[in-house]
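A.B. asks: Below is a structure I'd like to ask you about.
The values are calculated or read from the model by the stated rules, or taken from the named source; none is laboratory data. Because the structure is a prediction, the values reported are computed rather than measured. Positions of Cβ are backbone-derived with ideal geometry, glycine not excepted, and every protein chain shown enters the neighbour counts. Note: areas computed on protein heavy atoms with side chains; ligands, DNA, RNA excluded. Shrake-Rupley method; radii C 1.70, N 1.55, O 1.52, S 1.80 Å.
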Amino acid sequence: MQESSPTETPYTALGFYHKISQLRADTWNALKRDLGQLVRQEAGSPRARTLVKAIDVKLTRLEIIEDYHAFPSKEDFRHLWSLFDREEYSLLEKVVKRLVRALISESYRRRHVDLSETDGDAEDLETLDALNQLRRGHPASNSSAQPYFELLIVDNLSAQEEEVVREAFHNMRRPEDRFVYDVVTVRSFEDALIAVLVNPNIQACLIRYEFPYKSKYNLSALRNYLEGLSEQELENQSEAERSILLSSMIHELRPEIDQFLVTSGDVEATASRDIRHFNRIFYRETDYIEQHHTILRAIDNRYRTPFFDALREYSKKPTGVFHAMPISRGKSVTRSHWAGHMIDFYGINIFLAETSATSGGLDSLLQPYGPIKKAQEYAARAFGARQSFFVTNGTSTANKIVVQALVKPRDIVLIDRDCHKSHHYGMVLAGAHVSYLDSYPLHDYSMYGAVPLHEIKKTLLAYKRAGELDKVKMLLLTNCTFDGVVYNVRRVMEECLAIKPDLVFLWDEAWFAFAGFNPTYRPRTAMHAARTLCERYRSEAYREEYAAWKAEFDQLDPDDDAT
Amino acid sequence: MRIRTYATHSTHKTLTSLRQGSMIHVWDQDFRQKVEAPFHEAYMTHTSTSPNYQIIASLDVGRMQAEMEGFELVHAQVEAALSLREQLYTHPLLQKYFRVLINKDMVPLEYRQSGVDTFYDPVTGWNKMEEAWANDEFVVDPSRITIAIGATGIDGDTFKNEYLMNKYGIQINKTSRNTVLFMTNIGTTRGSIAYLLDVLIKLAKEFEARWEESSRPERKIIEHRVRSLTEELPPLPDFSRFHDAFRQCPDTPQGDIRRAYFLSYDEENTEYLRFDNGALQAAMRDGRDVVSASFVIPYPPGFPVLVPGQVVSEEILAFLQALDVTEIHGYRPELGLLVFTEEALVDPAAG
Ligand SMILES: Cc1ncc(COP(=O)(O)O)c(C=O)c1O
């Protein structure tokens, strides 16, 4: 069996960027501190000179980080540098203070922060934000306000052009829009990848033609991730190819990002290529209205919560309750002499949302056709599954459902013995014939690791030798044990399928739902591994078919024009 | 070749969802043709006809949140966990009592093709993680932090309840005899990490003071406890085997757990044997296969030491005798282990 090659499992640059948000916050705070000290020093004193140098270093570092964020903008940064160059340190301190406040309170998500004007009102607002945030203990993300995101534009624009494009998108804003966004521009392939890694605000990406490969920064930390890609090759690629490659790499890092391609080029040539990661292709660069609305619609498609929305709608409707469930609409507690504190504690909404109805805009979990069905489809999209099903009684129940759906009495199931107890009971219920696998022990800590692949293969081969392989139905493992041991899921499936091509896998990922949302963790999830293998086998099958066809074709008489 | 893969998620454990909110994810190329109908039946078997709408709504919102800001939240979680680890690795006093288990402590070398011992390097940072995650047979999720506390002389369970919970209101779930597990999640903040560190430092100082103020005999007691927690650990037993009465094939290991499970429903098929008075050992010495009639699950570690139909082995017995936990499901100390009578195993009826 082949080992994974770097192109199949691209390295992600977690090592480099894992602490970028802490680094960012800490550096801004340190800069603020330095400036505070500097303004109290005598100009030209040795201490002052040291501080100026330190400030220069911090500003330079921050400028790189902020290049990938919409706020502070590049213009803001030019303003900071000009204050620094003119040695207007006390003004610089004031501006940096405001900037840090705006970053911490996240006020830039709600309103434009203009650093160049020393507007008392704006400052008051930011102070208010900061106070609010202190009071509530977390960043002020007002749920009823327009959610904010950032649009990444990949294009080799001049500073001036960049401002024009940014302005153009700003001018599209309407108060009734569901979301508000700002624009970040990067000028190269490498920069685009860094931007989506370091800036989580980026939710949509507009890729335009004609951008170079290399970043202007020396990003040695990104090398890991780009391993396997030859720079030479990329420089030689056509612009269309480069855009498509970029989109698939962005997809690998952050599959949720909505991507759009802007091209003035050859429509047909583009459309015939692998463009599945693009949500849409625009042919006119400057059709901002169309782009704006398409982007907002794409975001809304993720933001929508079909069942939660339906439930809220339902709870607003006046209904007479003539079915079971006295707690519905709070009826049994609102007029109670004794149980009123339940409402005091929970509030009324939860009771308005309690009902046994499946009509009135709601849906049936057992036979979904409406908002629950939609919600499950969205879940499948989010977790990279073909189908997803909600279970309201824990993974304990989810496990029993899957086993019962696939395993008949007397089917053999290979299962790790230190798995969750729901599986052992599931085996009893299903009447499976159980073949327990031992995890490697960690005697020093009285805990188990996970089941080694050679142990699994040894067991499968024993069944093969005994002529019993056809009775083996399923391999059941805990991916990410309680203690955090994670399998190489793709490799396990690949090597088991080589022995038994119709084996079914159940991965208990009770502890691993979050893993689908990080590029380092994701390849080790069951759904990602399944998709990767599926695509691989499909392309291999295609290659073989093609090779067979080609061999046949080559045998035909080359001089015969009829071929 | 067909790819047939299923995953189950306790969404509520690691993302936003009310308790019990879970999902089944399917990537099965045969789902439509072969599974859809039985899946539906199985779903109906286990699902209440009055499912909780609030749980469903929370799953819907949890999915939306993950799609909008899952990247950011998981990233911040990992960031917080890594910075906690860094401080635990480097703080001199903490290291004396609390040792964080790193990749190589939890994954033996034969399963680390990359050879990466630890993701962290004091100079270059966390740049080894991707390499290990891309290649190795097993990796450790660094967002879960297992700390070996044997050097404190306090066992995991006591540490969890009496030290973390009662004294400082810190809640954890999982312990082993000499480890405690701190899990981060997408709600973990820099502030909560700072608090945890603070508490651990306080505790380390307490242990330091305890030692300094102890008399010679008291120190002997502490040393004895530390030794018992760090050196005298009962080896974990492998699965022994199903008794022949529940097996189908001499060459392969599978057993009919269902038949064993239901065989125990008739009282006359089972009896209790104690191992603390030597009765069980005597039966084994006489050549009897002693076969468990129930699940026996000690907490911690929480895995079944015995399942119905499984033969009791020397190793399992040794492990049970060495256990010093109070909670063992399926075991009543005053009666002993529930085992099948020899007659019941002669020709057990199909379950
Ligand atoms: C590996 C594993 N699977 C399944 C479960 C059960 O999950 P739930 O509590 O959602 O039923 C757990 C819970 O601890 C678990 O650790």
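A.B. asks: Please average, across the residues of A:97-106, the number of beta carbons from any other chain that are within 10 Å of each residue's own beta carbon, and give a whole number. Can you show the working numbers first?
C.D. replies: Details: counts 0, 0, 0, 0, 0, 0, 0, 0, 0, 0.
Mean shielding by partner chains, rounded to a whole number: 0.
A.B. asks: I've got another one for you. Can you compute the modelled spin-label distance between residue A:145 and residue A:471, with each label point 7 Å from Cα toward Cβ, in nm?
C.D. replies: So the two model labels end up 6.5 nm from each other.
A.B. asks: At R0 = 30 Å, how high is the FRET efficiency between residue A:61 and residue B:171 if r is their beta carbon distance? Nearest 0.05 is fine. Display every interim value, and only then the final one.
C.D. replies: On the way: r = 39 Å, r/R0 = 1.28.
It comes out at approximately 0.20.
A.B. asks: Let me ask something else. Sticking with the crude label model, points 7 Å out along Cα→Cβ, report the distance from residue B:222 to residue B:342 in nm, one decimal please.
C.D. replies: That separation, rounded to one decimal, is 5.4 nm.
A.B. asks: Could I ask something else about it? Excluding same-chain residues fewer than 8 positions from residue B:160, which aspartates and glutamates have a Cα within less than 17 Å of its Cα?
C.D. replies: A:483, B:198, B:206, B:324, B:327
A.B. asks: Could you give the dipole magnitude of segment B:70-230 about its Cα centre, charging the beta-carbon of Lys and Arg +1 and that of Asp and Glu -1, in debye to the nearest 20?
C.D. replies: Values: 20 positive and 22 negative charges, 142 e Å.
Approximately 680 debye in magnitude.
A.B. asks: To continue, here is another question. Comparing B:185, B:161, B:135, which has the greatest mean-square fluctuation in the GNM of chain B with Cα pairs linked when under 10 Å apart?
C.D. replies: Maximum among the listed residues: B:135.
A.B. asks: Add +1 for every Lys or Arg and -1 for every Asp or Glu among the other residues with Cβ under 14 Å from the Cβ of residue A:466, and state the total.
C.D. replies: On the way: positive: A:458, A:464, A:465, A:471, A:500, B:247; negative: A:468, A:470, B:251.
Surrounding charge for residue A:466 is +3.
A.B. asks: In this model, which of A:19/A:214; A:58/A:94; A:19/B:174 are farther than 21 Å apart at the alpha-carbon?
C.D. replies: Details: A:19/A:214 23 Å; A:58/A:94 16 Å; A:19/B:174 27 Å.
Violating the 21 Å limit, Cα to Cα: A:19/A:214; A:19/B:174.
A.B. asks: Once both labels are modelled 7 Å past Cα along the beta-carbon direction, what's the residue B:2-residue B:266 spacing in nm?
C.D. replies: Spacing of the two 7 Å Cα→Cβ label points: 4.0 nm.
A.B. asks: Now for a separate question. For residue A:81 and residue B:248, what is the calculated FRET efficiency with R₀ set at 51 Å and r taken between the beta-carbons, to the nearest 0.05?
C.D. replies: Numbers: r = 78 Å, r/R0 = 1.53.
After rounding to 0.05, the efficiency reads 0.05.
A.B. asks: At 1.002 mPa s and 20 °C, plugging the Kirkwood radius over alpha-carbon pairs of the protein assembly as shown into Stokes-Einstein gives what diffusion coefficient in µm²/s? The partial results should precede the final answer.
C.D. replies: On the way: Rh = 31.0 Å.
Using the Kirkwood radius from Cα pairs, D works out to 69 µm²/s.
A.B. asks: May I ask you to give the percent of accessible area on segment B:82-207 that is carbon plus sulfur, with a probe radius of 1.4 Å? Could you put the intermediate results ahead of the total?
C.D. replies: Numbers: 2400 of 4810 Å².
The value for segment B:82-207 is 50 percent carbon and sulfur by accessible area.
A.B. asks: Give the share of C-alpha pairs in each 5 angstrom bin for segment B:49-174, from 0 to the last occupied bin, in whole percents, shortest bins first.
C.D. replies: Over segment B:49-174, the share of Cα pairs per 5 Å bin runs 2, 9, 13, 16, 16, 14, 13, 9, 5, 2, 1, 0 percent.
A.B. asks: Enumerate the calculated ³J(HN,Hα) couplings along segment A:329-346 in order (Karplus 6.51 cos²θ - 1.76 cosθ + 1.60, θ = phi - 60°), each rounded to whole Hz, writing x wherever the residue is Gly or Pro.
C.D. replies: 6, x, 4, 7, 10, 4, 9, 6, 7, 10, 9, x, 5, 5, 5, 3, 7, 8
A.B. asks: Buried accessible area between A and B (1.4 Å probe, both chains summed, ligands and nucleic acids excluded), in Å² to the nearest 100? Walk me through the numbers on the way to the answer.
C.D. replies: Details: alone 31490 and 21550 Å², together 40400 Å².
Chains A and B together bury approximately 12600 Å².
A.B. asks: Here is a follow-up. Once the piece of chain linking residue B:274 and residue B:32 is laid out straight, how much longer is it, given 0.36 nm per residue of separation minus the C-alpha distance between them?
C.D. replies: Working: separation 242, 0.36 × 242 = 87.12 nm, distance 5.20 nm.
Gain on stretching residue B:274 to residue B:32: 81.9 nm.
A.B. asks: I need the Kirkwood Rh of segment A:331-476: take the reciprocal of the average 1/r across all distinct C-alpha pairs and report it in angstrom.
C.D. replies: Details: mean 1/r = 0.0514 Å⁻¹.
Computed over segment A:331-476, the radius equals 19.5 Å.
A.B. asks: Let me ask something additional. Averaging sequence separations of C-alpha pairs under 8 Å and six or more residues apart, then dividing by the length of chain B, give the relative contact order as a whole percent. Working shown, then result.
C.D. replies: Working: 482 pairs, mean separation 42.9, N = 351.
Relative CO of chain B lands at 12 percent.
A.B. asks: Can you give the Rg and Dmax of segment B:4-56 based on its C-alpha atoms, in angstrom?
C.D. replies: 12.9, 34
A.B. asks: Continuing with this model, one more query. Loop only per DSSP, at most 15 neighbouring Cβ atoms within 10 Å: give me the chymotrypsin sites (Phe, Trp or Tyr not before Pro) in segment B:261-316, ordered by residue number.
C.D. replies: Details: sites: B:261, B:262, B:265, B:272, B:275, B:295; in loops: B:265, B:275, B:295.
Those that pass, being in a loop and sparsely packed, are B:265.
A.B. asks: OK, next. Please enumerate, by chain and number, the lysines with C-alpha under 23 Å from the C-alpha of residue A:500, excluding those fewer than 8 residues away in the same chain.
C.D. replies: A:408, A:457, A:458, A:464, A:471, A:473, B:34
A.B. asks: Connecting C-alpha atoms closer than 10 Å in a GNM of chain B, tell me which of B:45, B:146, B:14 has the biggest fluctuation.
C.D. replies: Result for chain B, Cα springs under 10 Å: B:45 fluctuates most.
A.B. asks: Take the Cβ-Cβ distance between residue B:288 and residue A:339 as r, set R0 to 60 Å, and report the resulting FRET efficiency rounded to the nearest 0.05. Don't jump to the answer; show the numbers that get you there.
C.D. replies: Details: r = 59 Å, r/R0 = 0.98.
After rounding, the FRET efficiency stands at 0.55.
A.B. asks: What are the ³J(HN,Hα) values, in whole Hz, obtained from phi via the Karplus relation 6.51 cos²θ - 1.76 cosθ + 1.60 with θ = phi - 60°, for each residue of segment B:192-198 in sequence order, with x given for Gly and Pro?
C.D. replies: So the Karplus estimates, Gly and Pro as x, are 5, 5, 4, 5, 4, 4, 4 Hz.
A.B. asks: Moving to a separate point now. Dipole size in debye (nearest 20) for the protein assembly as shown around its Cα centre, Lys and Arg Cβ +1, Asp and Glu Cβ -1? It would help to have the intermediate numbers written out before the result.
C.D. replies: Working: 106 positive and 132 negative charges, 556 e Å.
It comes to approximately 2660 debye.
A.B. asks: Could you tell me which chymotrypsin sites (Phe, Trp or Tyr not before Pro) in segment A:289-366 are loop residues by DSSP with no more than 15 other beta carbons within 10 angstrom of their beta carbon?
C.D. replies: On the way: sites: A:303, A:307, A:308, A:314, A:322, A:338, A:345, A:346, A:351; in loops: A:322, A:338.
Answer in residue order: A:322, A:338.
A.B. asks: In addition: Near the amide H of residue B:119, under 5 Å away, which other amide H atoms are found, from residues 5 or more places off or on another chain, if H is placed in the peptide plane?
C.D. replies: When sequence neighbours closer than 5 places are left aside, the close amide H contacts are B:103.
A.B. asks: Right, next: Mind checking which lysines have their Cα closer than 23 Å to the Cα of residue A:317? Skip sequence neighbours fewer than 8 apart in that chain.
C.D. replies: Candidates past the 8-residue exclusion: A:331, A:373, A:374.
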